[in-house]
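The values are calculated or read from the model by the stated rules, or taken from the named source; none is laboratory data. Just so you know, these numbers come straight off a predicted model, no measurement behind them. Here the Cβ positions follow ideal geometry from the backbone for every residue, glycine too, while neighbour counts run over all protein chains shown. Remember, those area values only see protein heavy atoms, side chains included, never the ligands or the DNA or RNA. Shrake-Rupley method; radii C 1.70, N 1.55, O 1.52, S 1.80 Å.
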Amino acid sequence: MTTNTQRLVSINSGSSSIKFAVYSLRGVPTRVLFGKIDRVGSRDTTLTYDDVERGLQDRRRIGDVDHIQAVTFLIDWLHQHTDLASIAATGHRLVAGGAKYWEPQLVTNELLEALRGLSAYAPDHLPSEIAVIERLRERMPDMPQVVCFDTAFHRHLPRVARMLAIPRRLQAQGIERYGFHGLSYAYLMEELERQVGADAAHGRVILAHLGNGVSLAAVHGGQCLDTSMGFSPAAGVPMATRSGDLDPGLVWYLAHTEQMTAAQFQQMVNHESGLLGVSETSGDVRDLLSREADDVRAAEAVALFCYQIRKCVGAFAAALGGLDTFIFAGGIGEHSAVIRARICEQLGFLGIHVDADRNTNNEAVVSSDASRVSVRVMPTDEELMIAKATSAFIA
């Protein structure tokens, strides 16, 4: 397929997946092709895509590939589905930029060197994200690349919410709470204003991004006041394989009782904990819900997940001084009526009441008519936010 229309590619590289989308830049960015390479690093790596222009959809296995091989495959695949010469730029989601980088940045040698030095901020994300950028530079050296940081939405957290109770000399080195899922939250707030109006978007809002990674954010007046993730994406509530918040005394205890090194502890809290660690079978909520009636471990994992999120909602409502809107997003938040119901079932004291039929049907508003708080379900779109930021930057 060839075209004279200028285009832009958004790449959202995670620890085990690469989401992508191609946008036409005729007017506002319009998505013409999108997809995902999933389970990167396993034998079951798959490509799923939807070609909007040609009305094609497909899913197929592409073998056992790492991030470099996956992005190489993606470049070759895009060459077959769109005119690479028409691509004006590529935008990337980067999970963290440390204390220095918040706004979108043009990729340069100096920036890449600085980002490599920040890899310790997010060792399961930044190295692979940088590798994707470098591979694209090798294949398409003249194409501008722009990075968009997932921490930007939380840039103006109140100081009391950013601070960690550690020695100030460490704070001075940039060790503080950064927060993540910012591109998702920025999209959700834009959508809330578009769908409901400015008053709702400037009210007291809790956003729950529930997917493989999980976090919540408290927003008032359009500004983020608090968020559950902290210095790293491993903090906050339990996730698929991440532990969420832990007693720091565990570091010393496990080092002495199991001779666990820092690298092993990092591996445990990011890849062996969360729903997977508690259930011992799966980090996928769908699997656990299907087993909970016969497997107490699966039932406990789901109960812990909902309980910790419910606690976080209560804490954020206190930080906001009340609550007007509660939004579910992410794969679990959008599609699991059971999880939404269990999270909300003991939050009636906040004015949250869910309508069972609306919730089961995954309607846009799942709260009852009597609910003081509007409970909403919104699909998020990080790739669109990358496209908008990149388009504005290159313009």
With respect to LEU164, is the statement that it is within 22 Å of the chain's Cα centre (by Cα), hydrophobic (A, V, I, L, M, F, W, C) and either modelled with pLDDT of 95 or more or under 23 Å from ARG286 (Cα atoms) (or both) true?
no
Filter region 297-314 for residues that are more than 16 Å from LEU347 (Cα to Cα) and open to solvent by less than 60 Å² (accessible area, probe 1.4 Å) and give the result.
ALA298, ALA299, ALA301, VAL302
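Evaluate the following for GLU113: is it out of contact with any Pro (no Cβ under 8 Å at 6 or more places or on another chain), more than 23 Å from HIS154 (Cα to Cα) and open to solvent by 10 Å² or more (accessible area, probe 1.4 Å)? I'd like the intermediate steps shown before the answer.
Numbers: out of contact with any Pro (no Cβ under 8 Å at 6 or more places or on another chain): yes; more than 23 Å from HIS154 (Cα to Cα): yes; open to solvent by 10 Å² or more (accessible area, probe 1.4 Å): yes.
The answer is yes for GLU113.
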Residue list for region 373-395, filter: of a type in the set (Gly, Ala, Ser), surrounded by 19 or more Cβ atoms within 10 Å (Cβ to Cβ) and not in a helix (DSSP H, G or I):
SER374
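Check whether at least one residue in region 209-220 is closer than 25 Å to VAL313 by Cα, modelled with pLDDT of 95 or more, aliphatic (A, V, I, L, M) and touching an Asp or Glu at 6+ places or on another chain (Cβ under 8 Å), and report yes or no. Talk me through it step by step, then tell me what you get.
Here is the first cut: in region 209-220, the ones closer than 25 Å to VAL313 by Cα are 209-220.
Among the residues that remain, those that are also modelled with pLDDT of 95 or more are: 209-210, 214-220.
Then drop every residue that is not aliphatic (A, V, I, L, M), which leaves 210, 214, 216-219.
Restricting the remaining residues to those that are touching an Asp or Glu at 6+ places or on another chain (Cβ under 8 Å) gives 217-218.
For region 209-220, residues closer than 25 Å to VAL313 by Cα, modelled with pLDDT of 95 or more, aliphatic (A, V, I, L, M) and touching an Asp or Glu at 6+ places or on another chain (Cβ under 8 Å): present.
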From the set of residues in region 315-365 that are without any contact (Cβ under 8 Å) to a residue 24 or more places away in the chain, assigned to a helix (DSSP H, G or I) and touching a helix residue (DSSP H, G or I) at 6+ places or on another chain (Cβ under 8 Å), which is surrounded by the fewest Cβ atoms within 10 Å (Cβ to Cβ)?
ALA356
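Look through region 17-42, keep the residues that are of a type in the set (Gly, Ala, Ser) and free of Cβ contacts under 8 Å to residues at least 60 places away in the same chain, and return whichever of them is surrounded by the fewest Cβ atoms within 10 Å (Cβ to Cβ).
Step by step, filter region 17-42, then rank; the result is GLY27.
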Looking for something touching a residue at least 40 places away in the same chain (Cβ under 8 Å) and over 29 Å from LEU320 (Cβ atoms) - is there at least one such residue anywhere in region 164-178?
no
Yes or no: region 33-40 includes at least one residue that is touching a helix residue (DSSP H, G or I) at 6+ places or on another chain (Cβ under 9 Å) and among the aromatic types (Phe, Trp, Tyr).
yes
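Every residue in region 217-226 that is part of a loop (DSSP other than H, G, I, E, B) and on the phi < 0 side of the Ramachandran plot, please. Walk me through it before giving the result.
First, pick out the residues of region 217-226 that are part of a loop (DSSP other than H, G, I, E, B): 221-222.
Listed by number, the list is empty, since nothing qualifies.
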Hey, can you tell me all the residues within region 91-110 that are open to solvent by 50 Å² or more (accessible area, probe 1.4 Å), under 20 Å from the mean Cα position of the chain (by Cα) and of a type in the set (A, V, I, L, M)?
ALA99
Only residues that are free of Cβ contacts under 8 Å to residues at least 24 places away in the same chain, more than 12 Å from MET140 (Cα to Cα) and either surrounded by 13 or more Cβ atoms within 10 Å (Cβ to Cβ) or more than 26 Å from the chain's Cα centre (by Cα) (or both): list them for region 51-90, please.
VAL52, GLY55, LEU56, ASP64, GLN69, GLN80
What number of residues within region 239-263 are open to solvent by 60 Å² or more (accessible area, probe 1.4 Å), under 24 Å from the mean Cα position of the chain (by Cα) and not acidic (Asp, Glu)?
2
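Does ALA370 satisfy the criteria of being among the aliphatic types (A, V, I, L, M) and not in a loop (DSSP other than H, G, I, E, B)?
Details: among the aliphatic types (A, V, I, L, M): yes; not in a loop (DSSP other than H, G, I, E, B): no.
Judged against the criteria, ALA370 is not a match.
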Counting only residues in region 116-127 that are in contact with a Ser or Thr (Cβ under 6 Å, 6 or more places away or on another chain) and open to solvent by 20 Å² or more (accessible area, probe 1.4 Å), the one modelled with the highest pLDDT is identified as PRO127
Residues satisfying the stated conditions in region 154-182, i.e. open to solvent by 10 Å² or more (accessible area, probe 1.4 Å) and closer than 23 Å to VAL375 by Cβ
HIS181
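May I ask you to verify whether PHE149 is open to solvent by less than 30 Å² (accessible area, probe 1.4 Å), aromatic (Phe, Trp, Tyr), over 27 Å from ILE339 (Cα atoms) and at pLDDT 95 or above?
On the way: open to solvent by less than 30 Å² (accessible area, probe 1.4 Å): yes; aromatic (Phe, Trp, Tyr): yes; over 27 Å from ILE339 (Cα atoms): yes; at pLDDT 95 or above: yes.
So PHE149 passes the test.
Counting only residues that are surrounded by fewer than 23 Cβ atoms within 10 Å (Cβ to Cβ), assigned to a helix (DSSP H, G or I) and of a type in the set (A, V, I, L, M, F, W, C), how many does region 190-216 have?
Let us first name the residues in region 190-216 that are surrounded by fewer than 23 Cβ atoms within 10 Å (Cβ to Cβ), namely 190-191, 193-204, 211-212.
Retained after the next criterion (residues that are assigned to a helix (DSSP H, G or I)): 190-191, 193-195, 198-201.
Subsequent filtering for residues that are of a type in the set (A, V, I, L, M, F, W, C) retains 198, 200-201.
Of the residues in that region, 3 qualify.
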